[in-house]
Amino acid sequence: MPLARPVDSPRALGPICFGLRYHAPVTGTLEEVDRIRSERDLYRALLELGSTERLESFLQEVLDLIIEVSGARRGYIELIDPAAPPVAATRAATQDQARWWLARGYAEPDIEQVRRGFSRGVIAEALATGRTVVTASAQDDPRFRDYQSVQENRIEAVLCAPIGTSPRLGVVYLQDRNLPGPFTEADRRCLETMSTHLAAFADRLIMRARQHQDPTAAARRGLRAEGLIGRSEALARVLRQISLVAPLDVSVLVTGHSGTGKTQLARIIHNSGPRVAQPFVELSCGALPESLLESELFGALPGAHSTATRRIEGKLAAAEHGTLFLDEIGDMTLNAQTRLLQFLQSKEYFPLGGSKPVRADVRVIAATHVDLKAAVAEKRFREDLFYRLDVVSVHMPGLADRTEDIGDLVVHFCQQSCKTYGFSALHPSMNALAAAQAVEWPGHVRQLAHAVERAVIRAAAEGARELQREHLFPETRDGAAPSSTFQQATRTFQGQLLMRVLQEVDWNVAEAAKRLDLGRSHVYNLIRAFGLGRDREGH
């Protein structure tokens with residue numbers, strides 16, 4: 001999906017509301033000329049941003065634009081799908097598919113207070129009245145001074161405008177200015193103009209997001225895939241494939257790196273097919289020596305080998321009428337491959353030491369992290385067996401191909417770990433989620449799951465209410481030992497490079513993005529992921 005192209009720099013953005021960027025002939029008073037030029041220039045900027053296909057990217061770019069134009073220190077934007085049922089303004093709502101929101105310049109706890117403003121305070125009034133709310137000092141304004149969050153945070157200048165009229169699609173909230181004093185009348189007119197134009201783009205993107213928000217939804221309806229977490233297009237392609245093969249009694253070869261979830265995918269195929277009421281039996285071909293692998297797979301009669309003191313039922317017999325999942329099939333010995341091929345061709349096999357064939361009604365699903373075609377070329381894997389197994393091939397993508405699923409996975413594993421250990425519910429902070437998405441996970445889902453589990457234990461030991469970046473990546477704490485892995489060293493270098501460039505440009509994010517050849521929104525995400533800030537300079 002294409003992302004919106006960021007505007008070049010704050011210097012290009014600043015004059016938007018004062019008609020300095022374009023000079024087509026306009027007639028009227030000087031004030032009217034400036035107003036018309038301002039609105040035209042702003043609309044052109046929004047048109048550029050509105051070319052994106054993703055609502056999240058659109059919100060990032062629009063909020064950056066609004067903050068830079070207005071000179072606000074903090075900004076918040078939220079859109080609501082008017083066709084969706086109302087939800088409570090709680091943390092659960094942040095995960096609700098009918099709401100999209102983004103904040104800039106706020107600490108983690110402050111964002112929750114802003115979000116609660118949907119039910120009371122400045123934001124609630126803007127939504128209820130449909131009018132812009134402007135105040136020089138919220139803590140002195142009789143409309144808002146009684147709210148605890150207003151006094152605790154000593155909120156001064158505020159400018160808040162609803163998006164849309166009927167229905168109202170959301171709100172833009174600006175707080176505090178870089179320059180002394182309240183927001184000006186020009187700031188108010190500029191924000192109202194932006195909100196008016198924003199509504200048209202937001203309505204279109206909300207409709208598109210409503211249709212395409214979860215690409216996996218259609219395929220999931222025909223599958224029992226509740227435990228497979230993610231909403232990426234890469235995962236949707238996998239689910240569409242298995243929705244076709246699950247009802248069919250054919251062999252399936254699942255490929256992918258270790259830790260991506262191949263076993264889970266095999267279970268979904270079994271659970272979504274006609275054999276769901278029958279056994280699902282697993283056998284790891286790489287976990288057993290050659291002498292025991294064939295015994296485990298085909299069974300053995302007494303005396304067939306030194307450890308067969310009694311009749312051994314093999315996995316094929318145990319999987320009768322069900323599914324046999326052969327993990328790491330690429331590690332199977334050539335002798336066992338020959339015997340497995342015979343079974344796939346005839347549906348009959350010989351237990352070790354047996355002279356009579358045994359018939360079995362078993363579906364076989366195999367998985368491997370190795371390139372079986374290369375193994376065939378190197379004579380390490382039988383070509384005829386490869387084609388027998390590879391009737392349908394499904395590739396399970398790694399996390400690098402489904403980074404948008406990382407946030408959902410962190411939330412899931414966090415909840416799962418809290419339940420396992422009996423901890424009070426913990427929620428990942430946005431810093432933790434951003435940090436998890438900013439790094440590579442060479443061990444894929446398995447590595448991420450273990451990292452979150454360790455982070456939950458650390459957070460619980462500290463009595464924390466939220467899972468923070470430092471719990472997930474303890475090496476980022478001040479005074480921590482130097483990074484020892486390639487992944488950690490890469491993260492450290494990226495953070496140091498970004499910090500150095502930000503210092504060189506006096507924290508001009510647009511200029512830093514230009515120097516690093518990155519999108520401005522991505523730079524903001526990295527700042528949050530690495531926990532950077534002016535207060536950390538020199539650390």
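Overview of values
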read-out: Verdict on Ala317 being surrounded by 16 or more Cβ atoms within 10 Å (Cβ to Cβ), under 41 Å from the mean Cα position of the chain (by Cα), not hydroxyl-bearing (Ser, Thr, Tyr) and not in a loop (DSSP other than H, G, I, E, B); value: no
read-out: Search result, residues across segment 247-274 that are outside any helix (DSSP H, G or I), touching a Gly at 6+ places or on another chain (Cβ under 9 Å) and surrounded by 22 or more Cβ atoms within 10 Å (Cβ to Cβ); value: Thr260
read-out: Residue match in segment 293-310 (condition: in a loop (DSSP other than H, G, I, E, B), assigned by TED's automatic domain parsing to the domain that holds Lys373, charged (D, E, K, R) and at pLDDT below 95); value: yes
read-out: Among the residues listed as Gly286, Gly330, the single one being under 30 Å from Ala234 (Cβ atoms) and assigned to a helix (DSSP H, G or I); value: Gly330
read-out: Residues of segment 394-430 that turn out to be in a helix (DSSP H, G or I) and not hydrophobic (A, V, I, L, M, F, W, C), as a count; value: 13
read-out: Residue among Arg359, Arg339 that alone is in contact with a strand residue (DSSP E or B) (Cβ under 6 Å, 6 or more places away or on another chain), in the same structural domain as Gly256 (by TED's automatic domain parsing) and not hydrophobic (A, V, I, L, M, F, W, C); value: Arg359
read-out: Residue list for segment 146-163, restricted to those being surrounded by fewer than 21 Cβ atoms within 10 Å (Cβ to Cβ) and in contact with a helix residue (DSSP H, G or I) (Cβ under 7 Å, 6 or more places away or on another chain); value: Ser149, Asn153
read-out: Subset tally (residues that are under 29 Å from the mean Cα position of the chain (by Cα) and on the phi > 0 side of the Ramachandran plot) for segment 154-176; value: 2
read-out: Residue match in segment 214-227 (condition: under 17 Å from the mean Cα position of the chain (by Cα), crowded, with 22+ Cβ neighbours inside 10 Å and of a type in the set (Val, Ile, Thr)); value: yes
read-out: Which numbered condition Ala277 fails, given (1) surrounded by fewer than 17 Cβ atoms within 10 Å (Cβ to Cβ); (2) not in a loop (DSSP other than H, G, I, E, B); value: (2)
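The values are calculated or read from the model by the stated rules, or taken from the named source; none is laboratory data. Nothing here was measured: the structure is a model prediction, and the numbers come from that model. Here the Cβ is made from the backbone with ideal geometry for all residues, glycine too, and neighbour counts use every protein chain on show.
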